[in-house]
Amino acid sequence: TISDLRAVHTVLDSTNDRILDHVPRRQLQEFDPDLPTTGTPEFWYLDSETVLRVYPANTTVTIKVRYIKIPATLTGTDALVIPERYEYLLIDQAAVLAYKDAHNMDEASSLQADLSIELEDMARDLLDRNYQNQPLVQATGNLFDSNA
C-alpha cells in the first residue's frame, strides 16, 4: 500500500534483481481469474488507487517502487512541490479566479484558454501514470517526403 501514489516509474524485485513489467489486472485475470498463482514475480499491477501487487504473488521477495507522490495540501509556509518552471501557472490560475470574481469573463476566458494548454503540457511532462513500457511510434518511409 502506497498512500501517496500518483504514478509508478519502476517496480523492482530487488531479491532477484529484476525490473517487473506492468500488466493491467484485468489482463492477468483473463488467464488466472482469482490471481492465486504464486512464484517469482514477473509483473506488477494496481489493485486499487493505492495498492500495488505483483504477479505471481510472492511474500518473500523485497519489492522496491520508484514513484511520483501525490503532494500534500500546501499550508502556511510550505514549499511548492511543482518544478519552478511551472510556478507561473499558479499565478495565472489565481488571475483567472480574480477576473471571474471581478465579473471580467472575457479576460478570464482568454487567460483560461492559454492556461489550459500550458496545464496539459505540464501534465504530460509530470503526471503520466505509467512511465514503464510506454507505447512507441515507429516512423516508416521518409518523414520529409510528402508522398510517403
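Near Ile70, the amide H atoms lying under 5 Å from its own belong to Leu5, Arg6; only residues 5 or more places off or on other chains count, and H is placed 1.01 Å from N. The long axis of helix 105-126 is offset from the longest Cα principal axis of the chain by roughly 30 degrees. Surface exposure of the chain, expressed per residue as accessible area with a 1.4 Å probe, stands at 72 Å².
With +1 on each Lys and Arg Cβ and -1 on each Asp and Glu Cβ, and nothing else charged, work out how big the dipole of the chain is about its Cα centre, in Debye to the nearest 20. Computed charge dipole of the chain: roughly 580 debye. In whole percent, and with a 1.4 Å probe on the protein chains, what portion of the accessible area of the chain is carbon and sulfur? On the chain, the fraction of accessible area on carbon and sulfur atoms equals 51 percent. Once all protein chains are placed together, Phe43 keeps about 50 Å² accessible to a 1.4 angstrom probe. Amide H contacts for Thr15 (H built 1.01 Å from N in the peptide plane; partners 5 or more residues away or on another chain; cut-off under 5 Å): Thr62. Against the chain, whose longest principal axis is taken from its Cα atoms, helix 88-101 shows a tilt of about 50°.
The values are calculated or read from the model by the stated rules, or taken from the named source; none is laboratory data. If you're wondering where the values come from, they're calculated on a predicted model, not measured in any experiment. Cβ coordinates were reconstructed from backbone atoms using ideal geometry, including for glycine residues, and neighbour counts include every protein chain displayed. Accessible surface areas use protein heavy atoms only, side chains included; no ligands, DNA or RNA. Shrake-Rupley method; radii C 1.70, N 1.55, O 1.52, S 1.80 Å.
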